[in-house]
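Notes for the one structure printed next.
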Amino acid sequence: KTSPHFRRIDLIKYLLGFAAREGGRNDEAMNWFRRVIREHPDSGVLTDSWMMIGEYYFATGKHFAQARDAYAAVLERPGAPSYDVALFKTAWCYWKLGDGKLAAKLFKQVLDMADEAKRTGTAREQRLRAQLRDEALQYIILLFTEDESVTAKDAYEFLASIDGERYSREVLTNLASAFVGQGRYSRAVGAYQFLIDLDPGHPGAPLYQAQIVESHLALDASVDAVAAVRVLAEKYLNGSDWAKENAQSAQ
């Protein structure tokens, strides 16, 4: 009859690996985790062992293909506690490996999971996924800002293509803000103008127009700035169609 000690040898090996990892003995730790995977394929700490291997390679900052492959084993088990983090870091790995489109799709899945957690998740799941959501948004924006050829319209169409249109305004607003922060004012003008064109009656439209004015001023484009100020006055002051529409919405 198998003894309880023998039945838990997989956990002992995992804990030895964890202790070695905490002690900075990474080679020894990886050996223990791989032994769990190789010798105990039905172990309850199998997924944790794969996660530890993925985290090791991820932390090196260069072995992203190996990290991705280890996280893939975690993603085979959607119920695993580490699934959320593994998904986020898999997206990061694809970004680092040069596949921005797939990275964005996976980051979008992180956003979806955060929305789901708001409705049905535990308090822990809500906290974790909210944090991952914020980080995923940042990296989606980074993906769009890295390529000079990508316009706000391109970003919007891409989000629509991966069923992420409901995140488009949040992403595009942050994208436009990022352009301002980077001093890329021409791109900021284009992004804010696209947001206005997307929904001229949106409550934030005057703020977007004001940012267009500021961006033109930063570019020393005084003629364009004056024209943008005129648009701001004509379209958004009291009595304008925008003001009437938003006054009715507020009632």
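The values are calculated or read from the model by the stated rules, or taken from the named source; none is laboratory data. Quantities reported herein were computed from a predicted structural model and do not represent experimental measurements. Cβ placement follows ideal geometry from the backbone for every residue including glycine, while neighbour counts extend to all protein chains displayed. Surface accessibility is based on the protein's heavy atoms, side chains included, excluding ligands, DNA and RNA. Shrake-Rupley method; radii C 1.70, N 1.55, O 1.52, S 1.80 Å.
Details
- Of all residue pairs spaced 6 or more apart or on separate chains, those with beta-carbon atoms under 9 Å, a first member in the stretch 95-107 that is within 19 Å of residue 66 (Cα to Cα) and open to solvent by 70 Å² or more (accessible area, probe 1.4 Å) and a second member that is part of a loop (DSSP other than H, G, I, E, B) and not small (Gly, Ala, Ser) are 96/62.
- Of residues in the stretch 149-169 being surrounded by fewer than 16 Cβ atoms within 10 Å (Cβ to Cβ) and without any contact (Cβ under 8 Å) to a residue 24 or more places away in the chain, the one farthest from the chain's Cα centre (by Cα): 149
- Flag for residue 21 being more than 23 Å from the chain's Cα centre (by Cα), in a helix (DSSP H, G or I), within 30 Å of residue 133 (Cα to Cα) and not aromatic (Phe, Trp, Tyr): yes
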